[in-house]
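K.L.:
Have a look at this one before I ask anything.
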Amino acid sequence: MNFQPLKDFMDGYLPMLGVPGTDIAIYKDHEEIFRYQSGYDSIRFGTPVNPNALYHMYSCTKVATCVAATQLIERGEILASDPVYAYFPEYADIKVKHRLPDGTEEIRPAEKTLTVEHLLTMTGGLDYDINRPALQKVIKDTDGRAPTLDVVRALAKDPFIFEPGTRYQYSLCLDVVGGLVELVSGMTLGDYFKANIFDPLGMIETSFGLDDEKLARMATQYQYDPNTGSAVEISKEHNSFNFGTEYHSGGAGLISSVRDQILFADALSNHGIGKSGNRILSKAGVELMSANHLPSEILTNFVKGTMAQAIGYGYGYGVRTNLYPAMGGNLSPVGEFGWDGARGSYFSCDPKNRVAIFYAEHMGGLHPIILPRLRNVIYSCLDL
């Protein structure tokens, strides 16, 4: 295998776009076949990328949440077809916004029942409005603690933006799934992850919450400025989706490392069995999670909503899944799946070839440009 084209991409093309620094790990059959850092952690101080750095995972967190939910399905503790109100009665009487022909808006009782499947596939009718009144009230009423289950129950109070199961909309749906995992397991989401995913795989650097020790290892965080095409440094602590000190966001809250995330991706690429030899999902469970669950009329909506990196892909439980490689000019095979995070991290699993990829970046903002190219450069280097 010749990874020089990937090194050239990371050393040349990405800095040209304004990406400060990157780190990548690639595994095949539980063994590392490539690891490389490029660029700077801190532009101000000229310090190189630290291979031991921690990163906000943002939406890469969703993969762990959906693995947890699939584990509960495997154990018979939940069904995807279950109504959400069976667990959270607050969701029995949700309201939905309807746009009338004259352009006005009307709020009506939902005609369709919200199910666990709707949450797992982002077709529930929620959005990503983190300023919604009910959420902000929970934060205020709990003095900034915002316990996970309190937040999840509050999300049912504000009107949904469409009838469950009728559209795809990236949203807080998987935060609700995180609450479901807490409710059914009787554990906090972080404790559930640790006991059922992280510890079995040897992931010792992944958790919710940012203390002084983690902050010292946190990679410098940036915001992409489209007007200047450059990276603007922001606080390392900043994550708008951590609503409170007791909130575990199943959609965007984890902090982790490249070392840990490649172990996770490797397990899913090997049909649920990790490098440690421990199994976190059955082969059938991985296949269920990574299958396309969107009908054709909603699949079009998904591709439009996620832009270039989703062309040729469908959507499973919290992950994109490659359906038609030729449609998107994808070099990865049918069945390759994963997701990415707001600051640019990229998680990819390829069960066909047992290849796992985790790419870390702490800027984001250029997903449609970078991620399809990154995927193709990687696969051009693999001798499969």
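K.L.:
Dividing the alpha-carbon Rg of the range 146-242 by 2.2 N^0.38 Å yields what?
P.N.:
1.39
K.L.:
For Tyr27, what is the net charge nearby, where nearby means another residue's Cβ is under 13 Å from its Cβ and Lys, Arg count +1, Asp, Glu -1?
P.N.:
-1
K.L.:
Something else now. Just to be sure I follow the definition: excluding the sites themselves, where is the longest run in the chain that has none of the GluC sites (Glu not before Pro) in a DSSP loop with at most 15 other Cβ atoms within 10 Å?
P.N.:
Here the longest run is 238-384.
K.L.:
Starting from the alpha-carbon convex hull of the range 45-110, give the projected area averaged over all orientations, in nm².
P.N.:
Mean projected area of the Cα convex hull: 10.3 nm².
K.L.:
Just in the range 1-72: which trypsin sites (Lys or Arg not before Pro) are loop by DSSP and have at most 12 other Cβ atoms within 10 Å?
P.N.:
Passing sites in the range 1-72 are Arg44.
K.L.:
Where q = 0.12, 0.13, 0.16, 0.19 Å⁻¹, what log10 of I(q)/I(0) comes from the Debye formula for the range 214-280, counting one point per Cα?
P.N.:
-0.51, -0.59, -0.80, -0.93
K.L.:
In addition: Net charge near Leu254: determine it from the other residues with C-beta under 12 Å of the C-beta of Leu254, scoring Lys and Arg +1 and Asp and Glu -1.
P.N.:
Details: positive: Lys62, Lys194, Lys214; negative: Glu205, Asp260.
Value of the local net charge: +1.
K.L.:
Go through Lys112/Lys157; Lys97/Lys157; Lys28/Lys304; Lys194/Lys275; Lys236/Lys275 and tell me which ones have a Cα-Cα distance over 24 Å in this structure. Mind dumping the intermediate values first?
P.N.:
On the way: Lys112/Lys157 16 Å; Lys97/Lys157 13 Å; Lys28/Lys304 32 Å; Lys194/Lys275 17 Å; Lys236/Lys275 31 Å.
The pairs that break the limit, which is 24 Å between Cα atoms, are Lys28/Lys304; Lys236/Lys275.
K.L.:
Need one word for the range 11-127: rounded, prolate or oblate. Basis is the Cα gyration tensor (sqrt eigenvalues a ≥ b ≥ c); a/c below 1.5 gives rounded, then a/b vs b/c decides.
P.N.:
Note, shape of the range 11-127 comes out oblate.
K.L.:
Along the range 310-316, what does the Karplus equation 6.51 cos²θ - 1.76 cosθ + 1.60 (θ = phi - 60°) give for ³J(HN,Hα), rounded to whole Hz, x for Gly and Pro?
P.N.:
10, 5, x, 9, x, 9, x
K.L.:
Further question on the same structure: From the square roots a ≥ b ≥ c of the eigenvalues of the alpha-carbon gyration tensor of the range 241-384, which class results: rounded (a/c under 1.5), prolate (a/b over b/c), or oblate?
P.N.:
Rounded, since a/c falls under 1.5.
K.L.:
Could you tell me what fraction of 2.2 N^0.38 Å the Cα radius of gyration of the chain comes to, as a two-decimal ratio?
P.N.:
Cα Rg divided by the expected 2.2 N^0.38 Å: 0.95.
K.L.:
Projected area of the range 175-330, taken from the Cα convex hull and averaged over every viewing direction, in nm²?
P.N.:
Orientation-averaged projected area of the Cα hull: 11.7 nm².
Values quoted throughout were computed directly from the atomic coordinates according to the rules given, and no laboratory measurement underlies them. Please read all numbers here as calculations on a predicted model, not as lab measurements. Cβ: placed from backbone, ideal geometry, glycine included. Neighbour counts: every protein chain shown.
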